[in-house]
């Protein structure tokens, strides 16, 4: 039975999904070959952004523990979300720029 499974008739889930995309007329996802140097650069960019987000979250939690006014807490939460979104967008822009280069 194991020899039968290794035959050409058995397809991976990825291959089946690609066949379904083709059947529906959807374009296949691009397969980008990234160099090791580029992978390292992207990993460094992500790690730096994660560190900035972690720092932002720690400071946010600290400010929330010292703020009791619901309006100020809501304002602090909105500011935290804006800053987090900004950091994530900056990370994504840098990664896209690195991939284009």
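Among the residues in the range 21-28, are any exposed (fewer than 11 other Cβ atoms within 10 Å of the Cβ) and in contact (Cβ under 8 Å) with a residue 24 or more places away in the chain? No, that holds for no residue. It is to be established whether one or more residues within the range 64-76 are surrounded by 10 or more Cβ atoms within 10 Å (Cβ to Cβ) and within 19 Å of the chain's Cα centre (by Cα). No, the conditions are met nowhere in the range 64-76. Checked against (1) surrounded by 11 or more Cβ atoms within 10 Å (Cβ to Cβ); (2) over 30 Å from residue 42 (Cα atoms), residue 84 passes all but condition (2). Entry remark, the range 33-51: residues being surrounded by 14 or more Cβ atoms within 10 Å (Cβ to Cβ) and more than 14 Å from residue 92 (Cα to Cα) number 1 in total.
All of the numbers you see were taken from the coordinates with simple rules; none came from a lab. Given the structure is predicted, the values throughout are model-derived calculations rather than measurements. Every residue, glycine among them, receives a Cβ derived from its backbone with ideal geometry; neighbour counts consider all protein chains shown.
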